[in-house]
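Encoded as structure tokens, the structure appears first; notes follow it.
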Amino acid sequence: MSDHHHDESTHHHHDHDEIEKGAALRVRAIEELMIAKGLINPEAVDAIVEYYERETGPRNGAAIVAKAWTDPAYREWLLNDGTAAINSLGFSGFQGEHIIVLENTEKVHNVVVCTLCSCYPWPVLGLPPAWYKNPAYRARIVREPRAVIAEFGYDVPAEVEVRVWDSTAEIRYLVIPQRPDGTEKATVEELAAMVTRDGMIGTARL
Amino acid sequence: MDGIHDMGGMHGFGPVDRQNDYAFRADWQRKAFGIVEALAGVVPFNADMHRQALERISAEEYLRHDYFEKWVMATETLLLQAGLVNESELKSGKKEFDVDMTNRTAAGPKELVAAFIAGVPLEFPAESQPARFQVGQSVRVTVNNPSHHTRVPRYLRGRIGTITHDAGVFQFADTVATGKGQCPQHCYTVMFSARDLWGESSEPGDIIFADLAEPYLALA
């Protein structure tokens, strides 16, 4: 008699593989169909993926943050007209047409979510990480932000106010994390290298 | 729409999957992203129409399927609605009929990237619509439960908050998604007390902000 016991993890693994295969097949089918109908240009498909992977990403946001930390006039501009200040550094485009910049301080910790889908400031942070788009984050960050942020490694002190921003409309949010202590002598480039994506979403402190 | 996508505050999803740190983990996901973005200008469809199609995926399928597979599923719905494909073509991947490309062009690589760099500004001049509300006013989120796309999360329905910002005038998601036009509205950033929303488990002083279109609000 063959052993037909499967443990839970095997079942999940099989389910997951089936979903993956199904997804890959679905994409192959639609790609073939759209090309055959002339509805997409395959070079354009590759180009847009390449653009988002190469030209956008957290390093854009990091440059903005480092400038805000070192240039008080720029910081003011960023806080008053995020879109214009960000555009001036050459970052612009889809899902970044209306950006509001939030500043984390000793008194206030801001964190951003889109509970309804996955809205995210693409031009300055690139495409979002899977966890940001998945149910656990979307469900929990509005209800228990401190617990979620603690899972990311930062225990927000009780006296710091936590502000959760749900991107329910066309505004996209970028967080300026607090500048780490002891960085007075760092260059702008060195500062930018310290800025993490999670710091700019607000789930982490630097 | 009162669907599963409206997840704010729900219990039961476990810890945040921080290890899923990637934007893409498979080439089929990259392809899915690129195909959907390439099709938007051609079908055509906009973000709110696509979101509505995503929200109409059944709850069980919504939770089971990968994010980017759902993007494709939603796009299939929009292609079907536009009469550009039929069900058996979607299944097989094999074309059964040609489509009229007289008023359609598949963007080339430079064009498509340029379109995304330019973006789609959705704002209207602030004076184009009178503002019904002002910063500082106490407002209640109206209780409404349309079956179409809307941008009021369930956890805010009926809740009272304070307007902190008039973000300007924008197209209205509900009408854009249902093909009824842009119908520009003021968008207000509204501040809610976490304690009011969730009770004593929240730290007093913690706040949730949401951006809400004027039709979603009434004076409290």
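The values are calculated or read from the model by the stated rules, or taken from the named source; none is laboratory data. Keep in mind that what you see is a predicted model, and the values were worked out from it rather than measured. FYI the Cβ positions are ideal-geometry reconstructions off the backbone, even for glycines, and counts take in every protein chain you see.
Only one of the numbered conditions (1) outside any loop (DSSP other than H, G, I, E, B); (2) farther than 30 Å from residue B:61 by Cα; (3) touching a residue at least 12 places away in the same chain (Cβ under 8 Å) is not met by residue A:180, and that is (1).
Listed by position, the helices (runs of 4 or more DSSP H) contained in the stretch B:97-209 that have at least 1 residues being in contact with a strand residue (DSSP E or B) (Cβ under 8 Å, 6 or more places away or on another chain) and surrounded by fewer than 17 Cβ atoms within 10 Å (Cβ to Cβ) are B:194-198. Scanning the stretch B:21-38 for residues that are buried (at least 17 other Cβ atoms within 10 Å of the Cβ) and either within 7 Å of another protein chain (Cβ to nearest Cβ) or in a loop (DSSP other than H, G, I, E, B) (or both) yields B:23, B:24, B:28, B:30, B:31, B:32, B:33, B:34, B:35, B:37, B:38.
Yes/no matrix, rows are residues, columns are (1) of a type in the set (Asp, Glu); (2) at pLDDT 95 or above:
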{"position": "B:1", "(1), (2)": "no, no"}
{"position": "B:20", "(1), (2)": "no, yes"}
{"position": "B:37", "(1), (2)": "yes, yes"}
{"position": "B:68", "(1), (2)": "no, yes"}
{"position": "B:103", "(1), (2)": "no, no"}
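In the set B:154, B:195, only one residue is within 14 Å of chain A (Cβ to nearest Cβ), under 25 Å from residue A:163 (Cβ atoms) and free of Cβ contacts under 8 Å to residues at least 12 places away in the same chain; that residue is B:195.
Yes/no matrix, rows are residues, columns are (1) more than 20 Å from residue B:54 (Cβ to Cβ); (2) within 9 Å of chain B (Cβ to nearest Cβ); (3) over 13 Å from the mean Cα position of the chain (by Cα):
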| position | (1), (2), (3) |
| --- | --- |
| A:142 | no, yes, yes |
| A:148 | yes, yes, yes |
| A:151 | yes, yes, yes |
| A:179 | yes, no, yes |
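Within the stretch B:77-89, being surrounded by fewer than 18 Cβ atoms within 10 Å (Cβ to Cβ), within 11 Å of chain A (Cβ to nearest Cβ) and part of a helix (DSSP H, G or I) holds for one residue alone: B:88. Among the candidates B:81, B:19, the residue that is over 16 Å from the mean Cα position of the chain (by Cα) and under 19 Å from residue A:126 (Cα atoms) is uniquely B:19. Among the conditions (1) assigned to a helix (DSSP H, G or I); (2) within 12 Å of chain B (Cβ to nearest Cβ); (3) hydrophobic (A, V, I, L, M, F, W, C); (4) touching a Phe, Trp or Tyr at 6+ places or on another chain (Cβ under 6 Å), residue A:100 misses just one, which is (1). Taking the conditions exactly as written (at the interface with chain B (Cβ under 7 Å from one of its Cβ atoms) and surrounded by fewer than 19 Cβ atoms within 10 Å (Cβ to Cβ)), does residue A:43 satisfy them or not? The answer is yes for residue A:43. Exactly one residue out of A:179, A:163 is of a type outside the set (Ser, Thr, Tyr), surrounded by 17 or more Cβ atoms within 10 Å (Cβ to Cβ), in contact with a Phe, Trp or Tyr (Cβ under 6 Å, 6 or more places away or on another chain) and at pLDDT 95 or above: that is A:179.
Select from the stretch A:1-50 the residues that are part of a helix (DSSP H, G or I) and over 27 Å from residue B:90 (Cβ atoms) and write down the one among them that is modelled with the highest pLDDT. Among residues in the stretch A:1-50 that are part of a helix (DSSP H, G or I) and over 27 Å from residue B:90 (Cβ atoms), the one modelled with the highest pLDDT is A:13.
When residue A:138 is tested against the conditions (1) surrounded by 20 or more Cβ atoms within 10 Å (Cβ to Cβ); (2) without any contact (Cβ under 8 Å) to a residue 24 or more places away in the chain; (3) facing chain B (nearest Cβ under 9 Å), the lone failure is (2).
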